[in-house]
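Participant: Sending over a structure as structure tokens; questions will come in a sec.
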Amino acid sequence: MIKVTKEVIEKCATNMMFNLNPGQADLIFEEFNTVLTQIDFLKSIKGVDESEPMTFPYSEHQKLLREDKPAKPLSTKAVLSNCNTKLGNQVKLPKVVGNKNDEIDE
Amino acid sequence: MEYEPVIGIEIHVELKTKSKMFSSAPCTFGKDPNSQTVPLDLAFPGTMPVVNEEAVVFGIRVSTALNMKVARTLYFDRKNYFYPDLPKGYQITQQFHPIGRDGFVEINVDGKTEKIGIEQAHLEEDTAKQIHLSDISLLNFNRCGTPLIEIVSLPEMHSGLEAMKYVEAIREIVAYLGVSDGKMENGSLRCDINVSLRPKGTIKLGTKCECKNLNTIQNIRSAVDYEVKRQSEILDAGGQVEQETRRYDEGLKQTVLMRKKTDAIDYKYFREPNIVPIDLDEGFIYDAIHSMNKLPNAYRSELKADGLSDYEIEELLKNQDFVVYFEDCLALGIKNSSTLWNFLMVDILGYLNKSQKTLDELKFSKENLVQLVNDLTSGKINSKQAKEVLAIMIEEGKNPTDIIKEKGMEQISDTGEVEKLVDEILKNNQQSVADYQHGKDHALGYLVGQVMKMSHGKANPNLSKELIVKKIGPCIKPTNK
Amino acid sequence: MTKLMNKPISELHELLVKKEITPVDLVNDCIAGVKSDDCNCFEALNFDGALKEAGKITEIKEEEYLKGIPYFAKDNYSTKGIETTASSNILNGYVPVFDATVISKLNRAGMIMVAKTTMDELAMGGTGTTGHKGSTLNPYDHSRIIGGSSCGSASSLALGLAPLALGSDTGDSVRKPASNGGLVGYKATWGRISRYGLFPFAPSLDAVGFFTRNVLDASYVLSALSGHDRNDMSSSYRKREKYENYVLGHKTLKKIGYFKAVMDSISDKTIKDSYVDLLNKLKAKGYEVIAYDYPVELLDALYPTYMIISCAEATSNDANLDGIRFGPTAKDNPKTYSEYMTECRTKGFSDLIKRRFVIGSFSLLSQNQEEMFSRAQKARRLIVDNLNRFFDSIDYLVQPASFAIPKKFSELSTAWSTHPDFLDNILTLGNFGGNPSLTLPMAFESGMPLGINVTGRIFEDGYVMGLGQEIENITGLKNLTVKEAK
């Protein structure tokens, strides 16, 4: 596990695309002490690390998939009705440079 | 120092389903920006993914065609990162349980068949499209959510040629399956190629560089060859290859640095909680597989058994419609596959290209074509006549039997009748007979021509030739003094 | 102050059928009540839309139980044409272009949505204090919380402003405020009701829930809302039922259980006495009441398991909130997409949300996931397996929904709890296992309501309603609203 430091906390925040207000990183740092103690407690529960992680509340699998029938799309007006940063019928952003890991800009 | 290039390839194939992977928005091309989306594609709050059945069917077919084990239960996971073309802030993919794993594809390199291992194939969704202007970028979400299948090879290729053949094989398979256009030029097939070198004879993998932005099959070979050369030079000079992402520059014919791979992004993969596990029952999988189109290699072996040459086979395979048409004709009882090939790939293809039409727009039926080929083969008409008939079939759509009758083209193949003609010609051309007997073999052609002329082109030329030679004896060339 | 909105749906329905009142009358009455709200219950208002809908209704048949009845929806339900913010600044001005499935269903049943209600920001809270409009007050005592995250829905019903309000329940966000407000609060089986259009907090725990003031009303609403939705792949194909039949027909199962550990830990005398009294009365009615040994360490695990799973999932679910396609735009001249998103998210999320996101994100990092997120999911497995073991032989888990009267605002902290009391988190059991769970009034202490909770096996929503009705008959506590001294 990564050791919790103020830098790690700030980095988590930046990776989540927000900045922390002054003093918040300290608060989080303190909260982490509590969290990690509680993690240790979970670790101490008999049988915990042997059990399978549970994502869903119960195990009921699906069988039916969606039929490949296209639905009527939203009008462009509806699509952009909440967008306050657009040019014509496209969403506008400052120029995107520096690609993420696995997709080239076309 | 001799190095061994080690190449692994990740291919993203855009699936041509009617609707998207997780939303019911239409998959289209070239429509107005932001006109082909539903709320999920824009990640409006509260929207949820619903898996497209056809995409799963396509995934099963691709996995099967690549000799992979098909998963019996589908699981999906979230790949979390922030980028403008990814509206949810995560991509739904299959990180832990891909739909297909442990397969291979066969490629033909310099006459030898090689097996390239494939690690896995998984279903995921495409991102939105970005257009970059001078100081802004524009986002169009039409493409967002289109189904993709990502095929990950094992690092088992060792040259630009092999890499190119691998991608070509995959491209051909997905096109033949009908699951994708498979065109690198329009982005429906995208490759990322990882190249590393290691000293020949060693096992440990070297540092790999990723090459992107490859728009043609040819570029794959060039890019890999250049990259191998570039990395060799670095290593020879005592340096170290750094992990980089590079793009291929067509003009320079070089790979160019895009960015160094410093911090790998942590995608925080976890199970998609809105899609419960999906059981694929045996019947569903069976139906998906048994309704698959025939694959190119299956065609290759069948057509070879039918007597076609490698060249003829490859030309035919370039267009799936043609090979299907060809095999349909064969099934109707073709007597000579080469003749059929010629008619189809020379005359008919030529016509279709010129008139910009397709096979299903031909005015005559497959039965008609088969009839024509068989008539030629049996000697009912000769090859010159056959071409004439074909031309009329193409223009007017009449059937060959009617055309032959109308044009009085039926060859005289009755031995007695031809013999009568031959006798007549021989009687009237004593000099040519003598010439032939004394070594001038071109006289035979002249005599056959006379028979043809006398019969208005209807005498069977081969039969005529046979009878003439039988009657006047061998052509004896004089010995040199 | 309203004249009609504090009545049960059954009464309003009768008046409507007999044409003694019209839907427009009801809506106007509701609007008057909304305007008189002094507990900060409401977000966007839909007065014009509601009156228009009400005006279209000409006739209500006997069997159209819900038609013409006004209701409120928690502000995390997508409502077409009506601003929906999840009480977060990051969604200020966001007007959805589609309705949540539950909204469509209530619409089709003829119900009329008059207003959206306040909540804890993005549903991540249990105090009703973290929404962008500030705290929602408990009508019974304005110095105390109503709880959360469905605070506005709870308070508005306790005020008697409508007979139904939609909420959502991820850890207890309907069932705890119901207890604090003297209401019926229901959380359906996970997958029973479509979540399409419900802004997700933690999808593996989220469930649609709602408030009414009596069990019969709740059963009718459940009938209207349940069923498979092709827009929600986690919704169940199991056949829908007429849940009101369980209530009207007094259909229940017979074995009631409680956790010894819970019983032994109750320190509040009123709660203990009313609880024991209720159990005895149920016994007297022929129910078997069984003391059960549920492992205490798993009860102690409830809080961290819940916090880690929910915070982690939330970081992913709220990654779409970036101000690009919707939400307030970035104004400080960002030079890159990264700056753009960061500005919007920095301004749009409160400090508390950010703290939760940091911890949630940290627990998902590949280096940490095994120790944190996966381990919490493993603990969940143990918690649910043991709960299912309880349900192997016992039909209901009945326990107090609250173990103290609602806290005062001055006593609150929103920090990650250092010494969580499992009693405070007992209702999360129903979220971990996806169980149907009903809170209804049990007693009063110092003028403050206290609730009892009934949890059943998955998809036995009907039987849960049935026992709820039984308990309602025993306590006689139903259709409670705070009496306003005006």
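The values are calculated or read from the model by the stated rules, or taken from the named source; none is laboratory data. Because the structure is predicted, anything quoted here is derived from the model rather than measured. Methodologically, a virtual Cβ is constructed for each residue, glycine included, from the backbone with ideal geometry; neighbour enumeration extends over all protein chains shown.
Participant: Output the residues belonging to the range B:176-207 that are surrounded by fewer than 20 Cβ atoms within 10 Å (Cβ to Cβ), hydrophobic (A, V, I, L, M, F, W, C) and touching a residue at least 60 places away in the same chain (Cβ under 8 Å).
Facilitator: Hit for the range B:176-207 is B:LEU205, nothing else.
Participant: Got a number for residues in the range A:35-53 being more than 7 Å from chain C (Cβ to nearest Cβ), of a type in the set (Asp, Glu) and in a loop (DSSP other than H, G, I, E, B)?
Facilitator: Summing the residues that are more than 7 Å from chain C (Cβ to nearest Cβ), of a type in the set (Asp, Glu) and in a loop (DSSP other than H, G, I, E, B) in the range A:35-53 gives 1.
Participant: I'm told C:PRO406 meets every condition in (1) crowded, with 19+ Cβ neighbours inside 10 Å; (2) of a type outside the set (Gly, Ala, Ser); (3) touching a strand residue (DSSP E or B) at 6+ places or on another chain (Cβ under 8 Å); (4) outside any loop (DSSP other than H, G, I, E, B) except one. Can you identify the failing condition by its number?
Facilitator: Failing condition for C:PRO406: (4).
Participant: When you go through C:ASN425, C:ASN479, C:ASN453, C:ASN435 one by one, which is the residue that is at positive phi, modelled with pLDDT of 95 or more and of a type outside the set (Asp, Glu)?
Facilitator: Within the list C:ASN425, C:ASN479, C:ASN453, C:ASN435, the selection yields C:ASN479.
Participant: Check whether at least one residue in the range C:330-348 is on the phi > 0 side of the Ramachandran plot and either buried (at least 20 other Cβ atoms within 10 Å of the Cβ) or part of a loop (DSSP other than H, G, I, E, B) (or both), and report yes or no. Explain how you work it out, then say what you get.
Facilitator: Here is the first cut: in the range C:330-348, the residues on the phi > 0 side of the Ramachandran plot are C:333.
Right, trim to either buried (at least 20 other Cβ atoms within 10 Å of the Cβ) or part of a loop (DSSP other than H, G, I, E, B) (or both) and you get C:333.
Scanning the range C:330-348, I find at least one residue that is on the phi > 0 side of the Ramachandran plot and either buried (at least 20 other Cβ atoms within 10 Å of the Cβ) or part of a loop (DSSP other than H, G, I, E, B) (or both), so the answer is yes.
Participant: Moving on to the next point. Conditions: (1) modelled with pLDDT of 95 or more; (2) in a loop (DSSP other than H, G, I, E, B). B:MET1 meets all but one. Number of the miss?
Facilitator: Single failed check for B:MET1: (1).
Participant: Also, I was wondering about something else. Looking at (1) assigned to a loop (DSSP other than H, G, I, E, B); (2) free of Cβ contacts under 8 Å to residues at least 40 places away in the same chain; (3) closer than 19 Å to C:THR212 by Cβ, can you tell me which one C:ASN473 breaks?
Facilitator: Answer for C:ASN473: the failing condition is (1).
Participant: Here is a further query. Does at least one position in the range C:26-37 carry a residue that is small (Gly, Ala, Ser) and closer than 21 Å to C:GLU244 by Cβ?
Facilitator: Of the residues in the range C:26-37, the ones small (Gly, Ala, Ser) are C:32-33, C:36.
So of that shortlist, the ones also closer than 21 Å to C:GLU244 by Cβ come out as none.
Within the range C:26-37, not a single residue is small (Gly, Ala, Ser) and closer than 21 Å to C:GLU244 by Cβ.
Participant: Just checking, which of C:LYS3, C:LYS52 is in a helix (DSSP H, G or I) and of a type in the set (Lys, Arg)?
Facilitator: Working: C:LYS3 fails: in a helix (DSSP H, G or I).
Testing whether each residue is in a helix (DSSP H, G or I) and of a type in the set (Lys, Arg) leaves just C:LYS52.
Participant: Still on this structure: Being crowded, with 22+ Cβ neighbours inside 10 Å and assigned to a helix (DSSP H, G or I) is the filter here; which residues of the range A:8-24 pass it?
Facilitator: Residues satisfying the conditions are A:ILE9, A:CYS12, A:ALA13.
Participant: Hey, another quick one. Mind listing just one residue for me: the one in the range B:51-73 that is within 9 Å of chain A (Cβ to nearest Cβ) and not small (Gly, Ala, Ser) and, of those, surrounded by the most Cβ atoms within 10 Å (Cβ to Cβ)? Before the answer, list the steps.
Facilitator: Our first condition is that a residue be within 9 Å of chain A (Cβ to nearest Cβ); within the range B:51-73, this holds for B:51-57, B:73.
Imposing the further condition that a residue be not small (Gly, Ala, Ser) reduces the set to B:51-54, B:56-57, B:73.
Details: B:VAL51: 20, B:ASN52: 29, B:GLU53: 19, B:GLU54: 21, B:VAL56: 24, B:VAL57: 23, B:THR73: 11.
The extreme case among them is B:ASN52.
Participant: Taking the options B:ASN186, B:ASN142, name whichever one is at pLDDT below 95 and outside any strand (DSSP E or B).
Facilitator: Result: B:ASN186 is the single residue among B:ASN186, B:ASN142 that is at pLDDT below 95 and outside any strand (DSSP E or B).
Participant: Further question: Could you check, for the range C:306-318, whether at least one of its residues is away from chain B (no Cβ under 14 Å), in contact (Cβ under 8 Å) with a residue 12 or more places away in the chain, of a type outside the set (S, T, N, Q) and not in a loop (DSSP other than H, G, I, E, B)?
Facilitator: There is at least one residue in the range C:306-318 that is away from chain B (no Cβ under 14 Å), in contact (Cβ under 8 Å) with a residue 12 or more places away in the chain, of a type outside the set (S, T, N, Q) and not in a loop (DSSP other than H, G, I, E, B).
Participant: Also: Mind checking whether some residue in the range B:386-401 is at positive phi and at pLDDT below 90?
Facilitator: There is at least one residue in the range B:386-401 that is at positive phi and at pLDDT below 90.
Participant: Return a yes/no flag: does the range B:48-58 have any residue that is farther than 24 Å from B:ALA298 by Cα and over 33 Å from the mean Cα position of the chain (by Cα).
Facilitator: yes
Participant: For the range C:356-374, which positions are without any contact (Cβ under 8 Å) to a residue 60 or more places away in the chain and facing chain A (nearest Cβ under 7 Å)?
Facilitator: Hits for the range C:356-374 are C:PHE357, C:VAL358, C:ILE359, C:SER361, C:PHE362, C:LEU365, C:GLN367, C:ASN368, C:GLU371, C:SER374.
Participant: Examine the range B:76-97 for a residue that is of a type in the set (Lys, Arg) and in contact with a strand residue (DSSP E or B) (Cβ under 8 Å, 6 or more places away or on another chain), and state whether such a residue exists.
Facilitator: Scanning the range B:76-97 turns up at least one residue that is of a type in the set (Lys, Arg) and in contact with a strand residue (DSSP E or B) (Cβ under 8 Å, 6 or more places away or on another chain).
Participant: OK, next. Which condition number does A:LEU74 fail, the rest of (1) crowded, with 18+ Cβ neighbours inside 10 Å; (2) more than 30 Å from B:THR28 (Cα to Cα); (3) out of contact with any strand residue (DSSP E or B) (no Cβ under 8 Å at 6 or more places or on another chain) being met?
Facilitator: (2)
Participant: Only one of these is in a helix (DSSP H, G or I) and either buried (at least 18 other Cβ atoms within 10 Å of the Cβ) or out of contact with any His (no Cβ under 7 Å at 6 or more places or on another chain) (or both): A:PHE32, A:PHE56. Name it.
Facilitator: The unique qualifying residue is A:PHE32.
Participant: Moving to a separate point now. Considering the range C:430-458 alone, what residues qualify as being part of a loop (DSSP other than H, G, I, E, B) and farther than 18 Å from C:PHE210 by Cβ?
Facilitator: Matches in the range C:430-458: C:GLY433, C:SER446, C:GLY447, C:ARG457, C:ILE458.
Participant: Additional query: Among residues belonging to the range C:86-110 that are over 21 Å from A:CYS83 (Cβ atoms) and surrounded by fewer than 22 Cβ atoms within 10 Å (Cβ to Cβ), point out the one that is farthest from the other protein chains (Cβ to nearest Cβ).
Facilitator: C:GLY110
Participant: Only one of B:LYS335, B:LYS366, B:LYS380 is in contact with a Cys (Cβ under 8 Å, 6 or more places away or on another chain), of a type outside the set (A, V, I, L, M, F, W, C) and in contact (Cβ under 8 Å) with a residue 12 or more places away in the chain; which? Write out each step before concluding.
Facilitator: Details: B:LYS335 fails: in contact with a Cys (Cβ under 8 Å, 6 or more places away or on another chain); B:LYS380 fails: in contact with a Cys (Cβ under 8 Å, 6 or more places away or on another chain).
Result: B:LYS366 is the single residue among B:LYS335, B:LYS366, B:LYS380 that is in contact with a Cys (Cβ under 8 Å, 6 or more places away or on another chain), of a type outside the set (A, V, I, L, M, F, W, C) and in contact (Cβ under 8 Å) with a residue 12 or more places away in the chain.
Participant: Among what's in the range B:337-384 and is in a helix (DSSP H, G or I) and in contact with a Lys or Arg (Cβ under 8 Å, 6 or more places away or on another chain), pick the residue that is surrounded by the fewest Cβ atoms within 10 Å (Cβ to Cβ).
Facilitator: Restricting to residues being in a helix (DSSP H, G or I) and in contact with a Lys or Arg (Cβ under 8 Å, 6 or more places away or on another chain), the top hit is B:SER378.
Participant: Tell me, please, whether a residue that is at the interface with chain C (Cβ under 7 Å from one of its Cβ atoms), touching a Gly at 6+ places or on another chain (Cβ under 8 Å) and over 30 Å from B:LEU74 (Cα atoms) can be found in the range A:67-83.
Facilitator: yes
Participant: Can you tell me which residue within the range B:23-50, out of those that are farther than 20 Å from B:TYR90 by Cα and hydroxyl-bearing (Ser, Thr, Tyr), is farthest from the other protein chains (Cβ to nearest Cβ)?
Facilitator: Among residues in the range B:23-50 that are farther than 20 Å from B:TYR90 by Cα and hydroxyl-bearing (Ser, Thr, Tyr), the one farthest from the other protein chains (Cβ to nearest Cβ) is B:THR28.
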